[in-house]
Structure formats: C-alpha cells, structure tokens
1. Please report the relative contact order for segment 4-76, taking Cα pairs under 8 Å with a sequence separation of at least 6, and give it as a percent rounded to a whole number.
2. With each label point set 7 Å from Cα along the Cα-Cβ vector, what nm distance links Arg67 and Thr107?
3. Where nothing but the Cβ of Lys and Arg (+1) and of Asp and Glu (-1) is charged, how large is the charge dipole of the chain around its Cα centre, in debye to the nearest 20?
4. Between segment 103-124 and segment 1-58, how far is it from one alpha carbon centroid to the other, in angstrom?
5. With the full set of protein chains in place, find how many percent of the accessible area of the chain is carbon and sulfur; take the probe as 1.4 Å.
6. Skip the ligands, DNA and RNA, and give the accessible area per residue of the chain with a 1.4 Å probe, whole Å².
7. Please work out how much accessible surface Arg19 shows to a 1.4 Å probe, ignoring ligands, DNA and RNA, in Å² rounded to 10.
8. Relative contact order of the chain, please, whole-number percent, based on alpha carbon pairs below 8 angstrom and at least 6 residues apart.
Amino acid sequence: QVQLVESGGRLVQAGGSLRLSCAASGRTFGNYAVGWFRQPPGKERDIVAAINFNGRITWVADSGQGRFTISRDNAKNTVYLQMNSLKPEDTAVYYCAAVRSGRVHYTDAGYDYWGQGTQVTISS
C-alpha cells in the first residue's frame, strides 16, 4: 500500500515558477514509477510528466516541454515537478500517481495509487 500526498500548489503570477512535491509512504516506493497529472476546471485529466522507478527515464508532455522537469529522490520517498514559465492555462488541480511496474506509463490507465491533488492557479 502506498499513500501519496501532493504539496506546493499555490497562486502564482504568469511567468513564475513552482515546485510540486509528491511525498509517499511505504518502504517500496523506490520500485514504483510515478506520473504527474492535471485537471483544469471543467476539463478532463491529462498526464503532464512521468518518471520511472530509479529516475533514469523521464518524459514530459508537449504542454510542458521546455518548462517542466520531473525528478525523484527515493531516499526521501518524494517525486518533484518543477514548473517554470508558468502560464494561465497551467491552472489546474495537479495529482501524482504511482504504478507498481516501475516503468513509465503515458496515460492514467494502470496507475495503482493516487494522491488527493494540489491546486495550482496562475494569474495573468
């Protein structure tokens, strides 16, 4: 069983930066791949970035290319999403999710555990 808690979301002006954290419980978190997702108001949830179990393989969706970076510190059971050059369209609830297989998953299908989300609001 893995429990995920996101943090770091807040109101930021366009052009600013945020670092979101996904803290996990469980001794085997280092075996899990993790994805960051977001759901803007009134829209569907989409994947933003993903990372494999050891951090050597990362992927960022087109929406975040050149602006977002995903990383992890397994010693701290934490995965991060660094977001720079933020835009109003980045406004959403951001979720992290973990999957046992350890391999990067590019959709929300197959993720085993989800956090409750953290609100990110970008003002213009």
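1. Relative contact order here is 21 percent.
2. It is 2.5 nm.
3. It works out to roughly 320 debye.
4. 6 Å
5. About 44 percent, which is the carbon plus sulfur part of the accessible surface.
6. 52 Å²
7. Arg19 has an accessible surface of roughly 130 Å² with all protein chains in place.
8. That works out to 36 percent.
The values are calculated or read from the model by the stated rules, or taken from the named source; none is laboratory data. Quantities reported herein were computed from a predicted structural model and do not represent experimental measurements. Don't worry about glycine lacking a Cβ; one is built from the backbone with ideal geometry, like all the others, and counts go over all protein chains shown. The protein model used for the area step is the full one, side chains on, heavy atoms only, and it has no ligands, DNA or RNA in it. Shrake-Rupley method; radii C 1.70, N 1.55, O 1.52, S 1.80 Å.
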